[in-house]
1. How many residues does the stretch 94-152 hold that are at positive phi and surrounded by fewer than 19 Cβ atoms within 10 Å (Cβ to Cβ)?
2. Check E186, E135, E131 and return the single one that is charged (D, E, K, R) and in contact with a strand residue (DSSP E or B) (Cβ under 9 Å, 6 or more places away or on another chain).
3. Counting just the residues of the stretch 168-183 that are touching a His at 6+ places or on another chain (Cβ under 8 Å) and of a type in the set (D, E, K, R), which one comes out surrounded by the fewest Cβ atoms within 10 Å (Cβ to Cβ)?
4. Does D18 meet the test of being over 14 Å from the mean Cα position of the chain (by Cα) and either outside any loop (DSSP other than H, G, I, E, B) or of a type in the set (K, R) (or both)?
5. Only one of these conditions is not met by T77: (1) surrounded by fewer than 18 Cβ atoms within 10 Å (Cβ to Cβ); (2) touching a strand residue (DSSP E or B) at 6+ places or on another chain (Cβ under 8 Å). Which number is it?
6. If you go through the stretch 57-74, how many residues are surrounded by 13 or more Cβ atoms within 10 Å (Cβ to Cβ), over 18 Å from A116 (Cβ atoms), modelled with pLDDT of 95 or more and among the charged types (D, E, K, R)?
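The values are calculated or read from the model by the stated rules, or taken from the named source; none is laboratory data. In this text the structure is predicted, and so the values were computed from the model without any measurement. Cβ coordinates were reconstructed from backbone atoms using ideal geometry, including for glycine residues, and neighbour counts include every protein chain displayed.
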Amino acid sequence: MRMLTVAAAQMGPIQKADSREAVIARMVALLDEAREKGADLVVYPELALTTFFPRWYHEDRAEADIWFEDAMPGPATQALFDRAREHGIAISFGYAEKTPDGHHFNTSILTDKSGAIVGKYRKIHLPGHAEYDPERTHQHLEKRYFEPGDLGFPVWRTLGGVLGMAICNDRRWPETYRVMGLQGVEMVLIGYNT
């Protein structure tokens, strides 16, 4: 029998004014708590490092780049990776990724227990709209700030099994599970921010 203890890290709301360092401190505290409870893997939500910024409209799309990470791990996130390695706990979390060639994705990563990134997934099924809608009381501008993922639905052989990832709206589409299922997936990690 194989056992994998997974912790779902419920972070609560992240405000626009919260710094990356403050958010990372919350994530580290949840990681410490998960260690006390014997977790092997901690799964954080979609866009775990920032507020859910697609609810705000930036006329100049580049103004939203403050929410994106250019590197992973980066200066603000290194402390989370270090703590995960110290505890020997794998982690998965979502973030806004800006690639070196300027592409923007809603991304999740998976590490092994040494803190090394073993998997990356980019959200394919982007909900919402691309332009400001004056008829809406709340905006949902994922299509403005992100491109559809370009990595498909891969799986990774890690932590003694076969794991896959999806993000939020991806969970509503059968191909998400079918493609991973055909690859022998045993567990799908799905972070969402709704």
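1. From the stretch 94-152, those at positive phi are 102, 115, 128, 152; that's our starting set.
From what is left, the residues that are surrounded by fewer than 19 Cβ atoms within 10 Å (Cβ to Cβ) are 102, 128, 152.
Adding up the residues that qualify gives 3.
2. Details: E135 fails: in contact with a strand residue (DSSP E or B) (Cβ under 9 Å, 6 or more places away or on another chain); E131 fails: in contact with a strand residue (DSSP E or B) (Cβ under 9 Å, 6 or more places away or on another chain).
Just one listed residue meets the conditions, E186.
3. Across the stretch 168-183, the extreme among qualifying residues is R172.
4. Details: over 14 Å from the mean Cα position of the chain (by Cα): yes; either outside any loop (DSSP other than H, G, I, E, B) or of a type in the set (K, R) (or both): no.
So D18 fails the test.
5. Condition (1) is where T77 drops out.
6. Total meeting the criteria: 1.
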